[in-house]
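Throughout, read-outs are computed from the coordinates displayed, never taken from laboratory work. Source: prediction; values computed, not measured. Here Cβ is always computed from backbone atoms with ideal geometry, including for glycine, and neighbour counts include all displayed protein chains.
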Amino acid sequence: MTKTQGSSGTERAQQGSQPTDEELIARFQNGDTYAFDLLVRRYKDPLLNFIYRFLGDLVEAEDIVQETFYRVYKNKHYYKEVAKFSTWIYTIAGNLAKTELRRRKRRKVFSIHKETSAEKELELPDLKSDPESEVNTVVTEKLIQKAITSLPQKFRQVIVLRDIQGFSYEEISSIIKVPLGTVKSRVNRARLKLQEDLDFLLEDLENISN
Amino acid sequence: MGDSDRMKNYISDYLENSLDPSTHKEFEDALKRSRELSTMTDRVAAVSAHLSNLKKHTCSDDFSVKLREKIHTTSEPLISRRTVLRYSFAASFVIILVIATFTITNLMSDSPENTPTLQGSTQNANPVSAEEQVDPLVDEGELNINSKPNENAFSDSSRVQPEEKKNKPKIKYVDQKK
């Protein structure tokens, strides 16, 4: 189980000659908008995946990523170098995603309609051009995504940050502002719940691989 | 909580190699004993692997363009609103200052010290010098040396000595018509 996405631009920057996230945001705070463009380039896709896995809707996820960068642009001076930039931007994105979830709860009827259309999508994958293995991958992904979306919010957030985004427990603790022990416990419980929900799928996959 | 349930809490730590040596050994012993725990551990590892291998989505090609548009369209009115707010604060401050000054000036001019009816009753309104103040122990009827404080004693004809009066040259009026 390794860190997958390398989450922080600082780590990536340290390996090469690229400026760190903290250097970029400092330059942006001093009026260098090119530094902001570099941050956007660095974080847009990881943030999209984080929010998409959290909400389950790609279009909404992209809107939230837009809003996240807009907030960073508008509130650039609120960032202080006591925390990592990645922690700061993921906290903003996570809060926006949670707000979206609350909004969805209020519009429950609309949400039910959306779920139905998602289920339809799940039942009828586009078979026109994809080979069988690709269809399986798509279906597997959809099932996994559905299982993630059905997790309680507090478990969903940590599992996405840990297993999809590849953050360390300490970083997750800073992002969601919850003690380290609680984060570890939530990650474990989320994994147990997912293996329970995806039992049939995992069994099938085991059989295929055997 | 049974031993198996307790061990379930260690699955992630075991998979991430973050258990202390004694607990690690205890967990491995439990794995050997319990098939259920063993299967569960394998599946948790599989779930975690599946999650990390999920397809990575990318933002649309026009993401940056849309973002720039959003920043420009949304922040411009905000800036002007902020400017308007700042100016309105300054303007209201100036107005309040003017009103306050006007009110204070009015209050001062209408104050009791300045009203004609009470003007004489207060000594401090028009301060009088020590020489001008009347000594209450002195009877004004007998001696009133301060009655004409600003008058020059030498110009007062009543105080001129009689001898001086005598020496005063007599003025002759000459008829110039002649």
- Enumerate the calculated ³J(HN,Hα) couplings along segment B:28-36 in order (Karplus 6.51 cos²θ - 1.76 cosθ + 1.60, θ = phi - 60°), each rounded to whole Hz, writing x wherever the residue is Gly or Pro. 5, 5, 5, 4, 5, 6, 10, 5, 4
- Karplus couplings for segment A:81-98 from phi (6.51 cos²θ - 1.76 cosθ + 1.60, θ = phi - 60°), rounded to Hz, Gly and Pro as x? 6, 7, 10, 6, 4, 4, 4, 5, 5, 5, 5, 4, 4, x, 5, 5, 5, 5
- Query: Can you pull the mean other chain C-beta count within 10 Å for peptide A:178-187?
  - Reply: 1
- Long-range amide H partners of A:Leu198 with built H, under 5 Å: none
- Task: Sort B:Val98, B:Val47, A:Val178 so that the residue with the fewest other Cβ atoms within 10 Å of its own Cβ comes first and the one with the most comes last.
- Result: B:Val98, A:Val178, B:Val47
- Message: Sort A:Tyr43, A:Tyr73 by Cβ crowding within 10 Å, fewest neighbours at the top.
- Response: A:Tyr73, A:Tyr43
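What does the structure give for A:62-73 when I average, per residue, the other chain Cβ atoms found within 10 Å of the residue Cβ?
Mean shielding count: 3.
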- Ranked highest first by average number of other Cβ atoms within 10 Å, how do A:88-94, B:32-38, A:146-152 line up? A:88-94, A:146-152, B:32-38
- Return the distance in nm (one decimal) between the two label points of a simple spin-label model at A:Asp37 and B:Val65, each offset 7 Å from Cα along Cα→Cβ. 1.5
- Item | Paramagnetic reach from B:Thr58 in segment A:61-83 [backbone N under 19 Å; point 7 Å along Cα→Cβ] | A:61-63, A:65-66
- Message: Run the numbers for A:Gln153 and A:Lys98: contour at 0.36 nm per residue of separation, minus the present Cα-Cα distance, in nm.
- Response: 19.0 nm
